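The values are calculated or read from the model by the stated rules, or taken from the named source; none is laboratory data. Computed from a predicted structure; not experimentally measured. As a convention, Cβ positions derive from the backbone with ideal geometry for all residues, glycine included, and neighbour counts pool all protein chains shown.
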Amino acid sequence: MSSLNPIGSPFIELPTVDSTNNYAMGLVYAAMARHGTVVFAHEQTNGRGQRTRKWLSEPQANIAISVIIEPAGIELSKMFLLSKTIATGVLAFFNEFVSENIAIKWPNDIYWRDRKAGGILIENLVKGTEWKFAIAGIGLNINQTFFEGLEKKAVSLKQITGGTYDTLMLAKKLCTHLEKQFSKFYKTPELIVEEYHINLYKRGQKVKFKKEARVFEASVKDVSNMGELIVEHAMEERFNVGEVEWML
């Protein structure tokens, strides 16, 4: 895999864009995309989160990047392994500044205590059975201190540490962590699986969940290779992404 560019090369810096994922996907469709390309925006006017939710972010205050990945020769069954790779890379980045209470909330949000510090949205381009590209959109709260209506649900690095940060410099630092994890994706994937498991939010703890009209309590056990949340109460149950809601 030595022919692949490191993540962050090239690094495209934009003053403003609707969505870094849209911009990156545009490069793919224009046949201008290559592995390692990172799109960074100081302002994102129409950022997207999981399941069509909007990602609201204060201009100039946070990290909004999209990473173009070519999963050369990797089978489609490894899609969630890539999600774990990105999530553990982002966690390693946060660990440079925050040593406690930081975790990965299934499927791939970054939480500090019970508040969201970052989110990841991965979009895949598949032709037939060939996994052509993955676009990993990453939004991290860095210097923002006001989250309208979400004060108890969102948190930024500045709120956690009291520091103010250069978001461009931090975005490039994040790339080095992602590159390190992506190397493991090919060489030692079992380490990524272990890191994700160890840092899984609420692992071993009882949590209240909701599935349609049913509300139940279960212990968080693990996440399968296919991305299913595994919980345990009187029996073991598995849920796909979007199938259950956390009642925090």
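Here are the numbers for the structure shown:
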{"item": "Selection within the range 225-248 - of a type in the set (A, V, I, L, M), part of a strand (DSSP E or B) and without any contact (Cβ under 8 Å) to a residue 60 or more places away in the chain", "result": "Ile230, Val231"}
{"item": "Elements of type helices (runs of 4 or more DSSP H) in the range 124-224, at least 3 residues being assigned by TED's automatic domain parsing to the domain that holds Val28, within 16 Å of the chain's Cα centre (by Cα) and farther than 18 Å from Ile104 by Cβ", "result": "167-187"}
{"item": "Residue within the range 48-61 that is modelled with pLDDT of 95 or more and closer than 18 Å to Leu82 by Cα present", "result": "no"}
{"item": "Sole exception among (1) in contact (Cβ under 8 Å) with a residue 24 or more places away in the chain; (2) touching a helix residue (DSSP H, G or I) at 6+ places or on another chain (Cβ under 9 Å); (3) within 30 Å of Lys221 (Cα to Cα) for Gly36, by number", "result": "(3)"}
{"item": "Residue that is under 17 Å from Ile135 (Cβ atoms) and part of a helix (DSSP H, G or I), where the choices are Val28, Val39, Val67", "result": "Val28"}
{"item": "Filter result for Ala103 (assigned to a strand (DSSP E or B), farther than 26 Å from Leu229 by Cα, at pLDDT 95 or above and of a type in the set (Gly, Ala, Ser))", "result": "no"}
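Table: residues versus (1) under 20 Å from Val241 (Cβ atoms); (2) touching a Leu at 6+ places or on another chain (Cβ under 9 Å); (3) surrounded by 12 or more Cβ atoms within 10 Å (Cβ to Cβ); (4) polar (S, T, N, Q).
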position: Gly119; (1), (2), (3), (4): yes, yes, yes, no
position: Asn124; (1), (2), (3), (4): yes, yes, yes, yes
position: Lys127; (1), (2), (3), (4): no, no, no, no
position: Asn141; (1), (2), (3), (4): no, yes, yes, yes
position: Phe146; (1), (2), (3), (4): no, no, no, no
position: Ser156; (1), (2), (3), (4): no, yes, yes, yes
